[in-house]
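Here the structure is laid out as structure tokens; the discussion comes afterwards.
Quick note: the coordinates plus some simple rules give every number you see, no bench work behind them. Keep in mind it's a predicted model, so treat the numbers as computed, not measured. Cβ coordinates were reconstructed from backbone atoms using ideal geometry, including for glycine residues, and neighbour counts include every protein chain displayed.
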Amino acid sequence: MEAKTHQFTAQDGLSLALSYLEDPSNVPCPHCGPDTIEVVAYVDSEALEYKELKPAPPEDRYTVILWCHGCRRMAALDLS
């Protein structure tokens, strides 16, 4: 029996990043399909390197946090 993972793979992350860059309002989950991913937060990429969570606008250097309501996986995409 295969163990169920609660993490996105590197390939999933690439798919999420490409989808987000194409259209941030329409990011399909690689496992669940469309309409399940929500942008949870935008955080400062530099602060995140020091394990600090500081809100940031979605411009310049930021990390977007995505959450899938279907498979309950979370992804952090560094867009700096």
Among Ser45, Tyr62, Cys32, the residue whose Cα sits farthest towards the positive end of the charge dipole of segment 29-78, when +1 is placed on the Cβ of each Lys and Arg and -1 on the Cβ of each Asp and Glu, is Cys32
Coil-residue trypsin sites (Lys or Arg not before Pro) of the chain, DSSP, other Cβ within 10 Å capped at 15 = Lys4, Lys51, Arg61, Arg72
Computed helical MRE - 222 nm, the chain, DSSP H runs ≥ 4 contributing -39500 (n - 2.57), nearest 500 | -6500 deg cm²/dmol
Nearest 10 degrees, 0 to 90: helix 10-22 Cα axis against the chain principal axis | 60
